[in-house]
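Notes for the one structure printed next.
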Amino acid sequence: MRVHDFVDPKLGRAAPYGVLDIADDKGWVSVGIDHDTTAFAVNAIRSWWISMGRERYANAHSLTITADGGGSNGARVRLWKVELQKLADETGLCIFVLHLPPGTSKWNKIEHRLFSFISKNRRARPLTDYRTIVELISATTSTTGLTVRCQLDENLYPAGIKVSDREMAELNILRNDFHGEWELFNSPASTKIRAVIYRRCLSEPVMHGST
């Protein structure tokens with residue numbers, strides 16, 4: 001892959017977004033054909049949960065996500081928060097997000113434990129079409145037991161969507177006192193009692209997944 005989001009004049013765009021379950025050493029990669037937007041990023045997390053996460057963590061009440069501080073899942077991106085709220089409402093999960101500070105993305109475990117192995121696996125192999133990309137990513141393994149599932153996301157994700165102050169005010173978000181701009185919590189709007197679980201997450205966060 002040329003970069004994380006690359007465009008070929010003839011074949012079009014291929015934008016991979018990865019999810020790594022640190023506890024289970026299993027990865028998920030959605031390969032988008034449109035813009036690398038926040039909606040695409042959250043749908044990749046949604047796809048991981050539907051295809052892998054909810055079976056692995058059948059009794060889960062919360063999902064902890066570590067993410068870079070910038071990009072489509074950036075700490076200041078309003079649409080990221082809106083889309084996570086939708087995911088929380090859909091799944092009934094409390095979603096606890098821990099953003100890495102600016103300039104520290106190289107410490108994100110997904111870079112060392114997922115994407116580095118994907119890069120090694122496809123080395124010197126031309127990416128001629130979407131099927132080749134998906135098959136190469138799916139064939140990624142490591143000596144520690146890493147396995148990866150990959151799926152093509154053919155949805156269209158328009159860029160430039162704006163989120164108003166009113167929409168932000170309607171979100172059910174509780175912020176961490178230590179670094180609220182990096183760590184936020186989206187609890188399902190219909191279950192206010194989740195705030196109790198949130199307080200526990202702050203003291204003893206449990207890692208279920210990482211993006």
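Laboratory data are not the source of any read-out in this text; all were calculated from the coordinates shown. Since we're looking at a predicted model, the values are computed, not measured. Here Cβ is always computed from backbone atoms with ideal geometry, including for glycine, and neighbour counts include all displayed protein chains.
The HN-Hα couplings worked out from phi for region 83-99 by the Karplus form 6.51 cos²θ - 1.76 cosθ + 1.60 (θ = phi - 60°) are 5, 5, 4, 4, 5, 5, 5, 5, 8, x, 8, 7, 10, 10, 10, 10, 8 Hz, whole numbers, x standing for Gly and Pro. A cut-off under 13 angstrom between Cβ atoms defines the neighbours of I110, and their net charge, with Lys, Arg +1 and Asp, Glu -1, is 0. Mind checking which aspartates and glutamates have their Cα closer than 15 Å to the Cα of K81? Skip sequence neighbours fewer than 8 apart in that chain. Excluding near neighbours in sequence, the set is D68, D89, E90, D165, E167, E170, E181, E183.
Express in nm, to one decimal, how much length is gained between R123 and D89 on full extension, taking 0.36 nm for each residue of separation and deducting their alpha carbon distance. Let's see the in-between values first.
Details: separation 34, 0.36 × 34 = 12.24 nm, distance 4.02 nm.
Value of the extension gain: 8.2 nm.
Count Lys and Arg as plus one, Asp and Glu as minus one, and take only other residues whose Cβ is under 11 Å from that of I22; the net charge is then 0. Note on E181/H112: beta-carbon distance plugged into 1/(1 + (r/R0)^6) with R0 of 25 Å gives a FRET efficiency of 0.50.
In order along region 16-25, the phi-based Karplus estimate (6.51 cos²θ - 1.76 cosθ + 1.60, θ = phi - 60°) of 3J(HN,Hα) comes to x, 10, x, 10, 10, 7, 4, 5, 9, 6 Hz; Gly and Pro are listed as x.
Protection proxy ranking of 54-66, 157-169, by the mean of other Cβ atoms within 10 Å over each peptide's residues and highest first, is 54-66, 157-169.
Our coupling estimate for region 50-59, obtained by passing each phi through the Karplus curve with A = 6.51, B = -1.76, C = 1.60 and θ = phi - 60°, is 5, 7, 9, x, 5, 7, 5, 10, 4, 9 Hz, Gly and Pro reported as x.
Multiplying the sequence separation of S142 and S105 by 0.36 nm and subtracting their Cα-Cα distance, what value in nm do you get? Intermediate values should be presented prior to the final figure.
Numbers: separation 37, 0.36 × 37 = 13.32 nm, distance 2.16 nm.
Extra length from S142 to S105 when fully extended: 11.2 nm.
Put simply, the amide H of H35, placed in the peptide plane, has neighbours under 5 Å in Y157, leaving out anything fewer than 5 places away on its chain.
Amide H contacts under 5 Å for V148: G27, T140, restricted to partners 5 or more places along the chain or on a different chain, H placed in the peptide plane at 1.01 Å from N.
Need one word for region 6-203: rounded, prolate or oblate. Basis is the Cα gyration tensor (sqrt eigenvalues a ≥ b ≥ c); a/c below 1.5 gives rounded, then a/b vs b/c decides. Prolate, because a/c is 1.5 or more and a/b exceeds b/c.
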